[in-house]
Structures are given as structure tokens and as C-alpha cells.
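The values are calculated or read from the model by the stated rules, or taken from the named source; none is laboratory data. Predicted model, so just to flag it, every value in this text is computed and none were measured. All Cβ positions, even for glycine, are placed from backbone atoms using ideal geometry, and neighbour counts span all protein chains on display.
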Amino acid sequence: MNDPELVEFATKVFGFARSGATESLVAYVDAGVPVDLTNEAGDTLLMLAAYHGHAATVRALVERGADPGRLNDRGQTPLAGAVFKKEPEVVRALLDAGADPREGTPSAVDTARMFGHEDFLTWFGA
């Protein structure tokens, strides 16, 4: 991106996802920002909200059509990120949205096993 205004705008929108500013973020999505917009690492708004523990933001993005199984450039899913950060509300929101705990590298199942998160493994039926 060479347009400084566009870079500033994207930085602001991704910042809303990271900080859990749900109302501000969904206002932009409702106005036309793609719900599966990705940053330079392939992280979606949903990935950033999930990784940073914002369950309400995750739910709002999913309600607007965000893909809960979309992989970033490293092959990671939002669900695996939420498991890594041990965010049960986010994990539940993503499972309710249809996220597959066996997708990605490492998958959410692999991540839960790696860090001994037995509660998540039970949720995943693993």
C-alpha cells in the first residue's frame, strides 16, 4: 500500500479488532469494509479479535459473515489462536460459529494438546 491515508484507515480498522472496539468496527463493516479483510500477515479482523480475547467482537463479526475457518498466511485459524491464548468465551463463540478444531497448522486440537488445555479438548471431542 502506497497511499498513506489508506494505510492509516486500515491501521485504525485492525486496531478496532485488536482492542475489541466492537461498535466502531462493525460500523465500518456495515458501511462496506470487507468482513474478511486481511492485513499483511493474512490475519482477518476475526483472527485479531479472537487472538486478543474479544468474544463480543468475534460474535459480531461472525454474525456479519466472517469466516471462522479462514487461515492466515502461516496456516493458523482464529480458533487455534484463541486456544493458545486460553480464551474460553472466544473458543465457544468460534465453535458455535462452526469453526473446525482440526483445521490449520497447528490445529486448535494440536494447540490444546501442546499446552495441556484439557477443557478445550473435551469441547472438541478429542
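Quick check on ALA112: is it assigned to a loop (DSSP other than H, G, I, E, B) and over 12 Å from the mean Cα position of the chain (by Cα)? Can you show your working first?
On the way: assigned to a loop (DSSP other than H, G, I, E, B): no; over 12 Å from the mean Cα position of the chain (by Cα): yes.
When the stated conditions are applied, ALA112 does not pass them.
Any residue that is closer than 17 Å to VAL26 by Cα and of a type in the set (Asp, Glu) - is there at least one of those in region 80-96? No. Scanning region 1-37 for residues that are of a type in the set (Ser, Thr, Tyr) and modelled with pLDDT of 95 or more yields SER19, THR22, SER24, TYR28.
Taking region 75-109 as the search range and keeping residues that are in a loop (DSSP other than H, G, I, E, B) and among the basic types (Lys, Arg), which one is nearest to the chain's Cα centre (by Cα)? Across region 75-109, the extreme among qualifying residues is LYS85.
Among the residues of region 89-125, the ones that are out of contact with any Phe, Trp or Tyr (no Cβ under 7 Å at 6 or more places or on another chain), more than 15 Å from MET47 (Cα to Cα) and surrounded by 15 or more Cβ atoms within 10 Å (Cβ to Cβ) come to 7 in all. ALA126 fulfils the conditions (1) in a loop (DSSP other than H, G, I, E, B); (2) modelled with pLDDT of 95 or more; (3) more than 27 Å from LEU6 (Cβ to Cβ); (4) over 11 Å from the mean Cα position of the chain (by Cα) except for a single criterion, (2).
I'd like to verify a number: residues in region 71-101 that are under 19 Å from VAL13 (Cα atoms) and either in contact with a Leu (Cβ under 7 Å, 6 or more places away or on another chain) or small (Gly, Ala, Ser) (or both), how many? Quick ask: steps written out before the conclusion?
First, the residues of region 71-101 that are under 19 Å from VAL13 (Cα atoms): 72, 78.
Checking the rest, the ones that are also either in contact with a Leu (Cβ under 7 Å, 6 or more places away or on another chain) or small (Gly, Ala, Ser) (or both) come to 78.
Counting residues in region 71-101 that are under 19 Å from VAL13 (Cα atoms) and either in contact with a Leu (Cβ under 7 Å, 6 or more places away or on another chain) or small (Gly, Ala, Ser) (or both) gives 1.
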